[in-house]
Amino acid sequence: MSGDSESISQSAYIQHHLQNLTFGKTVEGTWRFAHSPAEATAMGFWAVNVDTMFWSLLMGVVFFLLFRSVARKANSGVPSRFQSAIEGVVEFVDTNVRDSFHGTSRLIAPLALTVFTWIFFMNCMDLIPVDWLPTLAGVGGQAFFGMDRAHVYQKVVPTADVNATMGMAIAVFILIIIYSIRFKGVGGFLGELVMNPLNPKELGMPKIFWPFVMVFNLLLELVTLFSRPVSLGLRLFGNMYAGELIFILIAMVFTAGSGIMGAGLSAIFGEHIPTWFWVAATAVVFATLWLNMKGKLSNGKTWLVLFAEMLLVGGLAFLGGQLMHFGWAVFHLLIVTLQAFIFMMLTIVYLSMAQEHH
Amino acid sequence: MNLNATLFLQSIAMMIFVWFCMKYIWPVILKSMDERREKIAEGLAASDRADKELAAAKTVAGEEIRAAREKAGEIVEQANQRHSQILDQAREDAVAERHRQVAAGEADIALSTNQARDALRAQVASLAVLGASRLLEKEIDANVHRKLLDELIAEI
């Protein structure tokens with residue numbers, strides 16, 4: 001990433017990171033992965049983002065196995081530490097559901113737990129360094145499927161794909177409709193749509209004006225109704241997309257910087273620094289940290305060695321990039337948890353409102 | 001960033017995970033937590049009860065100890081009384097015994113004195129007879145003069 005093509009390759013780098021691995025029917029009529037964002041768009045609606053589905057299902061399975069392992073060994077005796085941790089999450093969700101959901105439903109608490117934990121895990125994918133899994137996928141795609149590495153897109157944060165967040169929001173929306181009809185009946189639900197917020201009966205209007213008021217009400221209420229899933233899905237998507245983008249920008253800043261500050265690297269490797277060099281550098285850093293944890297390297301020495309390694313690998317810009325990455329990751333931990341929590345709370349609140357009479 | 005069928009797949013996946021959670025995770029974990037809560041509540045109640053019982057037992061024990069102490073005091077007093085009674089009795093017995101012994105001794109002395117006196121009398125009598133016979137130079141048959149001798153003895 002240096003020289004004349006720098007700005008082009010930088011935007012390509014960002015685009016590559018933000019493009020899903022889309023499987024669908026191409027314009028020529030064959031079913032395969034899209035080779036470019038334009039091709040993915042051309043596939044239209046009947047295409048699937050395989051990476052989003054893979055990582056979200058994987059996280060869902062991780063959630064299920066973690067909680068199931070505790071449920072299987074659940075007992076009323078003295079709990080293990082792991083059991084306590086899982087039960088802490090369950091208790092937390094249970095408390096929130098009890099506080100916010102005014103009614104009885106067998107579905108709402110498990111729904112809240114699933115939504116919270118699953119989204120939390122999916123958001124946490126953002127904390128894995130942005131190049132690791134895409135690079136791995138590229139190398140794997142090339143080695144096992146004979147694909148061009150440039151065509152193997154991989155977006156590992158499912159919640160940074162609007163399809164995933166809107167998909168979950170749609171599921172919640174369907175539940176809102178089901179709850180409204182179940183607790184208020186079709187008539188009650190429709191009545192609520194047309195008789196709010198201006199109730200012509202209470203306002204004492206002549207019957208002839210009722211249809212106009214009701215249409216006006218319906219428009220307002222439909223906006224309210226549809227704004228719920230949209231805000232639910234887009235809020236999560238926006239936060240995670242922005243977080244992902246900032247991670248990519250930070251990654252780009254320091255790899256680009258290494259081209260300038262660490263000119264030695266380019267002199268050795270040419271324009272493209274090979275993947276194995278980054279893997280080796282990462283391994284060396286991990287080895288240093290491992291030695292520190294084994295007690296073979298004092299804390300002061302560890303700092304010095306890490307500092308020297310960073311400088312050797314990529315210069316000052318690289319070091320700065322590492323610090324920025326660390327800072328943003330710490331802040332992102334907050335966003336990851338908060339967004340999962342907000343999605344859960346809004347789901348509970350919307351469903352609570354759906355089953356209440358107004 | 002285009003909408004596609006992933007939307008529905010994700011909705012379906014979410015529903016399936018929620019169903020899994022509803023069936024295999026939530027009720028099981030919540031049940032064990034509720035059971036533990038009940039157990040802990042029972043344990044706490046039991047410990048409260050045990051505390052109360054302990055306090056009650058302590059009061060009872062205190063009363064018992066006080067009663068036992070009073071009883072022991074009474075017994076000691078009784079024993080003291082009995083002790084002095086026995087002592088008095090023993091003293092009385094000893095005095096009576098002394099009197100008896102003294103009386104027996106006196107009786108013995110009297111008897112011995114009489115015996116000694118009788119023996120002396122007999123000896124005096126025989127000496128008298130011997131003396132008389134010596135004087136008379138003639139054997140006097142003691143049996144013939146028994147009556148006379150006895151009278152003599154009685155007079156001594």
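Among A:Leu319, A:Leu304, which is the only one that is in a helix (DSSP H, G or I), out of contact with any Lys or Arg (no Cβ under 9 Å at 6 or more places or on another chain) and modelled with pLDDT under 80?
A:Leu319
One residue stands out in segment A:89-104 among those that are of a type in the set (Asp, Glu) and either in contact with a Ser or Thr (Cβ under 7 Å, 6 or more places away or on another chain) or at the interface with chain B (Cβ under 9 Å from one of its Cβ atoms) (or both): the one that is most open to solvent (accessible area, probe 1.4 Å), namely A:Glu91. There is at least one residue in segment A:132-153 that is surrounded by 13 or more Cβ atoms within 10 Å (Cβ to Cβ) and within 14 Å of another protein chain (Cβ to nearest Cβ).
Flag set for A:Gln10, criterion: more than 24 Å from B:Gln10 (Cα to Cα) and more than 10 Å from every other protein chain (Cβ to nearest Cβ). Among the numbered conditions (1) open to solvent by 90 Å² or more (accessible area, probe 1.4 Å); (2) of a type outside the set (Phe, Trp, Tyr); (3) not in a helix (DSSP H, G or I), the only one that A:Gly295 does not meet is (1). Restrict the check to segment B:66-75 and report whether at least one residue is more than 14 Å from every other protein chain (Cβ to nearest Cβ), part of a helix (DSSP H, G or I) and of a type in the set (Val, Ile, Thr). Checked segment B:66-75: at least one residue is more than 14 Å from every other protein chain (Cβ to nearest Cβ), part of a helix (DSSP H, G or I) and of a type in the set (Val, Ile, Thr). Within segment A:11-69, the residues that satisfy the criterion of being open to solvent by less than 60 Å² (accessible area, probe 1.4 Å), out of contact with any Asp or Glu (no Cβ under 8 Å at 6 or more places or on another chain) and in a loop (DSSP other than H, G, I, E, B) are A:Gln19, A:Gly29, A:Ala34, A:Ser36, A:Met43, A:Gly44.
Does A:Leu107 fit the bill of being closer than 26 Å to A:Arg32 by Cβ, surrounded by fewer than 21 Cβ atoms within 10 Å (Cβ to Cβ) and facing another protein chain (nearest Cβ under 10 Å)? Against the criterion (closer than 26 Å to A:Arg32 by Cβ, surrounded by fewer than 21 Cβ atoms within 10 Å (Cβ to Cβ) and facing another protein chain (nearest Cβ under 10 Å)), A:Leu107 does not qualify. Do the conditions hold for A:Ser180, that is, is it away from every other protein chain (no Cβ under 12 Å), polar (S, T, N, Q), out of contact with any Pro (no Cβ under 8 Å at 6 or more places or on another chain) and loosely packed, with under 15 Cβ neighbours inside 10 Å? The answer is no for A:Ser180. May I ask you to verify whether B:Lys39 is in a helix (DSSP H, G or I), free of Cβ contacts under 8 Å to residues at least 12 places away in the same chain and facing chain A (nearest Cβ under 7 Å)? In short, yes. Scanning segment B:33-83 for residues that are open to solvent by 50 Å² or more (accessible area, probe 1.4 Å), among the basic types (Lys, Arg) and within 30 Å of A:Ser76 (Cβ to Cβ) returns B:Arg37, B:Lys39, B:Arg49, B:Lys52.
Residue under question is B:Trp19, and the condition is that it be within 14 Å of chain A (Cβ to nearest Cβ) and open to solvent by 60 Å² or more (accessible area, probe 1.4 Å); does it hold? It is true that B:Trp19 is within 14 Å of chain A (Cβ to nearest Cβ) and open to solvent by 60 Å² or more (accessible area, probe 1.4 Å).
Every residue in segment A:74-88 that is within 16 Å of B:Tyr24 (Cβ to Cβ) and either more than 9 Å from chain B (Cβ to nearest Cβ) or touching a residue at least 40 places away in the same chain (Cβ under 8 Å) (or both), please. Within segment A:74-88, none qualify. With respect to the stated conditions, B:Trp26 fails to be open to solvent by 100 Å² or more (accessible area, probe 1.4 Å) and of a type in the set (A, V, I, L, M, F, W, C).
Kindly establish whether A:Gly233 is under 30 Å from A:Phe277 (Cβ atoms), of a type outside the set (Asp, Glu) and buried (at least 16 other Cβ atoms within 10 Å of the Cβ). No; evaluated as a whole, the condition is false for this residue. With respect to A:Val162, determine if the residue is open to solvent by 10 Å² or more (accessible area, probe 1.4 Å), within 14 Å of another protein chain (Cβ to nearest Cβ) and either touching a helix residue (DSSP H, G or I) at 6+ places or on another chain (Cβ under 9 Å) or not aromatic (Phe, Trp, Tyr) (or both). Yes, satisfied.
The values are calculated or read from the model by the stated rules, or taken from the named source; none is laboratory data. Because the structure is predicted, anything quoted here is derived from the model rather than measured. Neighbour counts run over all protein chains shown; Cβ positions are idealised from the backbone, glycine included. Note: accessible area is taken over every heavy atom of the protein model, side chains too, but ligands, DNA and RNA are not part of it. Shrake-Rupley method; radii C 1.70, N 1.55, O 1.52, S 1.80 Å.
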